[in-house]
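Engineer: Can you read through this structure? Questions will come right after.
The values are calculated or read from the model by the stated rules, or taken from the named source; none is laboratory data. Note that the structure is predicted; figures quoted are calculated from it, not measured. We place every Cβ from the backbone using ideal geometry, glycine too, and count neighbours over all the protein chains shown. Surface accessibility is based on the protein's heavy atoms, side chains included, excluding ligands, DNA and RNA. Shrake-Rupley method; radii C 1.70, N 1.55, O 1.52, S 1.80 Å.
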Amino acid sequence: MGETRLLYLSRSESREGSLWMDRCWVPDPVNTASIPLSEDLQMLQERLAKNVHSVWAQKRIREGWTYGPVKDAQRKKTPFLVPYAELPESEKEYDRATALETLRLILRLGYRIEKDGKPSDEAVTQLLLEENEKQKL
């Protein structure tokens, strides 16, 4: 723990393992910066980022959000309800960062991520559907 963190701890109360300061939560993620990713896991990171976006989009659609050129929370419009490939790079980076930190945390906690060599039938079907969609563009 660095001095800054100790300062927060000395002025905070613990709530379920989180830090609070002046009634504002202070995020305290596990430091994963030193955890390297293999080439395979870097490729997995991009696939996870794409899935993160799809899960987010699916949830927004269920909540009644639709595409709009400008974000408007009152009207539930967002310019990001588009396929991952059509997102601006800044939005892709947000999803990539989520995937990266998830992979690094899994490794930091002592787990191994190994590919067994063959994807499930469902994964193959999904990949084929994605390839068909790309060919239509």
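Engineer: Would you mention how many residues in region 107-125 are open to solvent by less than 60 Å² (accessible area, probe 1.4 Å) and either at pLDDT 95 or above or under 18 Å from Asn31 (Cα atoms) (or both)?
Structural biologist: Going through region 107-125 one residue at a time, the tally reaches 1.
Engineer: In region 46-60, how many residues are of a type in the set (Gly, Ala, Ser) and under 16 Å from Glu93 (Cβ atoms)?
Structural biologist: Selection size over region 46-60: 1.
Engineer: Say we look at region 56-71 and pick out the residues that are of a type in the set (A, V, I, L, M) and within 20 Å of the chain's Cα centre (by Cα); which of these is most open to solvent (accessible area, probe 1.4 Å)? Please lay out each step first, then the result.
Structural biologist: Step one: filter region 56-71 for residues of a type in the set (A, V, I, L, M), giving 57, 61, 70.
Cutting the leftovers down to within 20 Å of the chain's Cα centre (by Cα) gives us 57, 61.
Values: Ala57: 15, Ile61: 104 Å².
Residue satisfying both the conditions and the ranking: Ile61.
Engineer: Are any residues in region 89-101 open to solvent by 70 Å² or more (accessible area, probe 1.4 Å) and either out of contact with any Ser or Thr (no Cβ under 8 Å at 6 or more places or on another chain) or modelled with pLDDT under 95 (or both), and if so, which ones?
Structural biologist: Passing the criteria: Glu89, Ser90, Glu93, Tyr94.
Engineer: Any residue in region 29-45 that's over 9 Å from Arg104 (Cα atoms): show its pairings with residues that are surrounded by 10 or more Cβ atoms within 10 Å (Cβ to Cβ) and of a type in the set (Val, Ile, Thr) at Cβ separation under 8 Å, as long as the two are six or more apart or on different chains.
Structural biologist: Leu41/Ile113; Leu44/Ile113
For (1) at pLDDT 90 or above; (2) touching a Phe, Trp or Tyr at 6+ places or on another chain (Cβ under 6 Å); (3) surrounded by 13 or more Cβ atoms within 10 Å (Cβ to Cβ), each residue gets a yes or a no:
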site	(1), (2), (3)
Leu6	no, no, no
Leu9	no, no, yes
Leu19	no, yes, yes
Arg23	no, no, no
Thr32	yes, no, yes
Leu48	yes, no, yes
Ser54	yes, no, yes
